[in-house]
Every structure is written in structure tokens, then in C-alpha cells.
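Nothing in this text is a laboratory measurement; each read-out follows from the coordinates by a stated rule. As the structure is a computational prediction, the values presented were derived from the model and not from experiment. Cβ sites come from the backbone with ideal geometry, for glycine too, and all protein chains shown count toward neighbours.
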Amino acid sequence: MLAYPGSSPLHTIEDVIENSTFNGLLIISIAPGLFYTMKGSWGAGRGKDLVDHYYNRTYAQQISSIVYKIIDPLFSYTQGGDLNLKGLIERIPFQNRDSIRGATIWPPMVAMDKYRNIRMLPEMENDSIIQKQQTDIWYNPNPKNRFADSIDVVIGHYVNLVERHKEKGGRVAFIRPPVTDYYLETETRLYPREKYWDRLILESSCPGYHFQDYEETKYMIPPEWSHLNRRDADAYTKTIIQLLTRDQLQ
């Protein structure tokens, strides 16, 4: 599990293919607004920062990581940094003024375990007020596909990476998990399936599993448009495993 929230998989995929001996199955999830972007974009930059950090860690940081994994089970933690004084002050909901807007207050949405498995919190699953807080953050009244003119380069780069992974004996499968409402409407308009998803699958010669193609997944409704609740996440994962097994990719 190598995904990082809100980032492109570009640099992670490059690192796995170019700098490791891994030749197994890569399952690459596509969120179009992040996936179909170029190097140097905000989403790609977040992924690059993490890859660079892995290679640039000091000896002290590497030792700290090892020690942390040993002692971590012995402690309990608050959720992120939200409960320290600075975090609490930043979450005070001041009203916007003429020229000053208050800080974006992200509601609690998910928790991540040591294996990087992310599960939605019950609050986000059940509380419509918290869901609305999150969708207000997601919503952009004028969304754009800033890399529409670069689609040949973007898809060509991924196709090249896939070919290099196949040369190592590896396999690749693409998935598009369920989205709904604003995200689905925006995706349909800015990233039409035939020009993006269908083309990627065709040119890469890889299997692709789009949520709209299967009865088990096409009606799943993410509480805040783009992330599945725990029940649907389990069902979706089971469906993907079944499809991979059916196609002898497991």
C-alpha cells in the first residue's frame, strides 16, 4: 500500500519500477484530477517529496523509524495534531471578513493503521453536518483540467512505465473506485472516459476495473462524494480481488 492521500502516483510508480527489483502486480488507482497531471504539479509534487524523503533520510531518522515501530504498540495517541493548543486555536471557526478568510477546518474523516490501510471514521459515515463540511471543501465552482493539452504526454509516460514493468516480469491493473455527485459530474465533463480511461487501458494493454462496469460497485455512494464507508470499502475490495482472481492476476 503505497498511496498517499491527495497525491499523484507518478513518482511512486517510477520509483518502484526504476529503483527496485519488484516484479509483481501493481494495482494503480486513478483519481483523474490527480492522475492525469504532469511532473511539477501540486499532486505530483506531494508524491515526489515522500519519495525524496525516503532516500534522503538521515541515519537518525532511519533509526527513529525502527525504534518507533517497536514501541508504537505500547502507546495511545490523539488524532493527529488537532488536540494540541496550536491545533485547537486553528480550528476556532472565526467568521470571514472583508479581506480575510478563516483557515480551512478539515473535519475528521479517516484513520490510517501501520499497514497504511485507511478506514473512514464513524463520524464521517453518519454525521451529515460533518459530511457537508467536507463536501464544501471539495467543491470548486469552476473546476479545470489544467493538463488537457498534455494528455498525450501523460498517458505516454504511464504506458512507457508499464512496459518497463512488464519487461521485468511484472503486471499492472488499473482501478477506478466509486465516486458520486460533484466528483462524478466533474470527471464526466473534464475527463471523458473514452479519451482518458478507455485510452489508457487500450494503449497500456492492461486490465482495467471501472466501478461503473459492475453491479456490485456502480451504486456505491461515498458519504462525501469520493471515499467509501467501511462497509462498502470491504465490499469493493472483495470485488476487486474476485476480478483479479478471475483474470488470473492474483
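Evaluated at 37 °C with a viscosity of 0.692 mPa s, what Stokes-Einstein diffusion coefficient in µm²/s does the stretch 102-250 have when Rh comes from the Kirkwood expression over alpha-carbon pairs?
Working: Rh = 17.5 Å.
Translational diffusion coefficient: 188 µm²/s.
How far is it, in nm, from the label point at W106 to the one at V153 when both lie 7 Å from their Cα along the line to the Cβ?
Going from the W106 label point to the V153 one covers 2.9 nm.
Could you tell me how far the Cα centroid of the stretch 203-220 sits from the Cα centroid of the stretch 1-67, in Å?
Cα centroid of the stretch 1-67 versus Cα centroid of the stretch 203-220: 24 Å apart.
How big is the Cα convex hull of the stretch 163-250 in projection, averaged over all directions, in nm²?
Values: hull surface 25.5 nm².
So the mean shadow area of the Cα hull is 6.4 nm².
According to the Cα gyration tensor, what semi-axes, each the square root of 5 times an eigenvalue, does the equivalent ellipsoid of the stretch 33-74 have, listed from largest to smallest in whole Å? Let's see the in-between values first.
Values: eigenvalues 180, 35, 5 Å².
Equivalent ellipsoid semi-axes, largest first: 30, 13, 5 Å.
Let me see the pair-distance distribution of the stretch 128-213: every alpha carbon pair, 5 Å bin width, integer percents in order.
Using 5 Å bins, I get a P(r) of 3, 12, 19, 20, 18, 13, 9, 6, 2, 1 for the stretch 128-213.
Just grab the label-to-label distance for N117 and L202, each label 7 Å out from Cα along the Cβ direction, in nm (one decimal).
3.8
Semi-axes, largest first, in whole Å: what does sqrt of 5 times each Cα gyration tensor eigenvalue give for the stretch 92-148?
Values: eigenvalues 129, 75, 29 Å².
Computed over the stretch 92-148, the values are 25, 19, 12 Å.
Anyone know which of I151, I105, I28 comes out most mobile in the 10 Å Cα GNM of the chain?
Taking springs between Cα atoms under 10 Å, the residue moving most is I105.
Output ³J(HN,Hα) for the stretch 104-117: one whole-Hz value per residue in order, computed from phi by the Karplus curve 6.51 cos²θ - 1.76 cosθ + 1.60 with θ = phi - 60°, and x for Gly and Pro.
5, 9, 7, x, x, 10, 9, 10, 10, 9, 5, 9, 6, 6
Obtain the radius of gyration and the Kirkwood radius of the stretch 161-201 from its C-alpha atoms and give Rg over Rh. Don't jump to the answer; show the numbers that get you there.
Working: Rg = 13.7 Å, Rh = 12.1 Å.
On the Cα set of the stretch 161-201, Rg over Rh gives 1.14.
Using a Förster radius of 51 Å, what is the FRET efficiency between L25 and T58 based on their Cβ-Cβ separation? Nearest 0.05, please. Mind showing how you got there, number by number?
On the way: r = 33 Å, r/R0 = 0.65.
The formula returns an efficiency of 0.95 here.
In percent, how large is the relative contact order of the stretch 90-174, given Cα pairs closer than 8 Å and 6 or more residues apart? It would help to have the intermediate numbers written out before the result.
Values: 44 pairs, mean separation 12.6, N = 85.
Relative contact order for the stretch 90-174 comes out at 15 percent.
Restricting to DSSP H runs of at least four residues, report the calculated mean residue ellipticity at 222 nm for the chain, -39500 (n - 2.57) per run over all residues, nearest 500 deg cm²/dmol.
On the way: 11 runs with 116 residues, N = 250.
-14000 deg cm²/dmol, from helical runs alone.
Give the aspartates and glutamates reachable from K69 as a straight Cα distance under 13 Å; neighbours fewer than 8 places away on the same chain don't count.
By straight Cα distance, K69 reaches D113.
For the chain, what's the relative contact order in percent, using C-alpha pairs closer than 8 Å and at least 6 residues apart?
Details: 240 pairs, mean separation 59.7, N = 250.
Result for the chain is 24 percent.
With bins 5 Å wide starting at 0, give me the P(r) of the stretch 33-161 over every alpha carbon pair, in whole percents.
Reading the bins upward from 0: 2, 7, 9, 13, 16, 17, 16, 11, 7, 2, 0.
When S76, S7, S64, S29 are ordered from fewest to most other Cβ atoms inside 10 Å of their Cβ, what list results? Don't jump to the answer; show the numbers that get you there.
Details: S76 4, S7 21, S64 12, S29 15.
Listing S76, S7, S64, S29 from fewest to most nearby Cβ atoms yields S76, S64, S29, S7.
With N set to the number of residues, divide the alpha-carbon radius of gyration of the chain by 2.2 N^0.38 Å and report two decimals. Could you put the intermediate results ahead of the total?
On the way: Rg = 19.8 Å, N = 250, 2.2 N^0.38 = 17.9 Å.
For the chain, the normalised Cα radius of gyration is 1.10.
Hey, if you put +1 on the Cβ of every Lys and Arg and -1 on every Asp and Glu Cβ in the chain, which of G208, Q131, T58 ends up farthest toward the positive end of that dipole?
Among G208, Q131, T58, the one farthest towards the positive end of the dipole of the chain is T58.
In terms of modelled amide H atoms, which long-range or inter-chain residues lie less than 5 Å from the amide H of I28?
Result for I28 returns A173, F174, I175.
Just how large is the dipole of the stretch 1-152 about the Cα centre, in debye to the nearest 20, putting +1 at every Lys and Arg Cβ and -1 at every Asp and Glu Cβ? Please report the intermediate quantities before stating the final value.
Values: 15 positive and 16 negative charges, 50 e Å.
Around 240 debye, computed over the stretch 1-152.
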